[in-house]
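A.B. asks: Have a look at this one before I ask anything.
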Amino acid sequence: MDWSLGTFLTEVTERAGYDRPQQGARAVQNVLEVLGAHLVGDDRTDLAALLPAGCVYLLTAGEPASEPLTPASFVEAVADRSDTGLAEARREIDAVLPTLARAADDALLRRLLTQLPPGHAGLFGCTDPG
């Protein structure tokens, strides 16, 4: 999928039910920064290539995480990054990750999910790879 930053942020903003695009932009930043720390190698680069140019650094600039996060810990990490509660963090994740999943082909999505502990597929709005 080839999309502009505006289109990507609009989709995230609408999916989350936010009133302002700035809320969608904040969600994208929080989720991509946490996700990027847990992806490595070509898979992270391939996902970054699907993102609008303004979002690439959010996924790729961070240092790799020292340990993998369970899905619940992923939500907590987004909540910590956004300085919000778990419900708002989940709202951000539910807007951003399924949007990314829609952009990725099945092979890339499967590779991404194999880098993450079991259970993350639900955060992307899909089932665990078999």
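The values are calculated or read from the model by the stated rules, or taken from the named source; none is laboratory data. All figures in this text were calculated on a predicted structure; none of them were measured in a lab. Here the Cβ is made from the backbone with ideal geometry for all residues, glycine too, and neighbour counts use every protein chain on show. Each accessible area value is taken on the protein alone, full model and side chains, heavy atoms only, with ligands, DNA and RNA left out. Shrake-Rupley method; radii C 1.70, N 1.55, O 1.52, S 1.80 Å.
A.B. asks: Residues of region 60-81 being at pLDDT below 95 and in contact with a Lys or Arg (Cβ under 7 Å, 6 or more places away or on another chain), which ones?
C.D. replies: THR60
A.B. asks: Which pairs have Cβ atoms under 7 Å, sit 6 or more apart or on different chains, and link a residue in region 77-98 that is free of Cβ contacts under 8 Å to residues at least 24 places away in the same chain and of a type in the set (Gly, Ala, Ser) to one that is in a helix (DSSP H, G or I) and open to solvent by less than 40 Å² (accessible area, probe 1.4 Å)?
C.D. replies: ALA79/ALA89; GLY85/ALA79
A.B. asks: Using beta carbons and a limit of 8 Å, which pairs, at least six apart or on different chains, have the first residue in region 57-69 and more than 12 Å from GLN29 (Cα to Cα) and the second one surrounded by fewer than 16 Cβ atoms within 10 Å (Cβ to Cβ) and of a type in the set (Val, Ile, Thr)?
C.D. replies: Pairs found: PRO64/VAL40.
A.B. asks: Here is a further query. Can you find a residue in region 104-120 that is free of Cβ contacts under 8 Å to residues at least 12 places away in the same chain, at positive phi and not aromatic (Phe, Trp, Tyr)?
C.D. replies: Let us first name the residues in region 104-120 that are free of Cβ contacts under 8 Å to residues at least 12 places away in the same chain, namely 105-107, 118.
So of that shortlist, the ones also at positive phi come out as none.
Checking region 104-120: not a single residue is free of Cβ contacts under 8 Å to residues at least 12 places away in the same chain, at positive phi and not aromatic (Phe, Trp, Tyr).
Residue-wise test of (1) on the phi < 0 side of the Ramachandran plot; (2) of a type in the set (Gly, Ala, Ser); (3) modelled with pLDDT under 90.
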site	(1), (2), (3)
GLU11	yes, no, no
TYR18	yes, no, no
ALA37	yes, yes, no
GLY41	no, yes, yes
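A.B. asks: What number of residues within region 5-22 satisfy the criterion of being of a type in the set (S, T, N, Q) and under 20 Å from ASP105 (Cβ atoms)? First the steps, then the outcome.
C.D. replies: At the first step, the residues of region 5-22 found to be of a type in the set (S, T, N, Q) are 7, 10, 13, 22.
When the remaining residues are screened for being under 20 Å from ASP105 (Cβ atoms), the result is 7.
Adding up the residues that qualify gives 1.
A.B. asks: Taking the conditions exactly as written (aromatic (Phe, Trp, Tyr), within 22 Å of GLY119 (Cα to Cα) and open to solvent by less than 80 Å² (accessible area, probe 1.4 Å)), does PHE8 satisfy them or not?
C.D. replies: Numbers: aromatic (Phe, Trp, Tyr): yes; within 22 Å of GLY119 (Cα to Cα): no; open to solvent by less than 80 Å² (accessible area, probe 1.4 Å): yes.
Considered against the rule, which asks whether it is aromatic (Phe, Trp, Tyr), within 22 Å of GLY119 (Cα to Cα) and open to solvent by less than 80 Å² (accessible area, probe 1.4 Å), PHE8 comes out as no.
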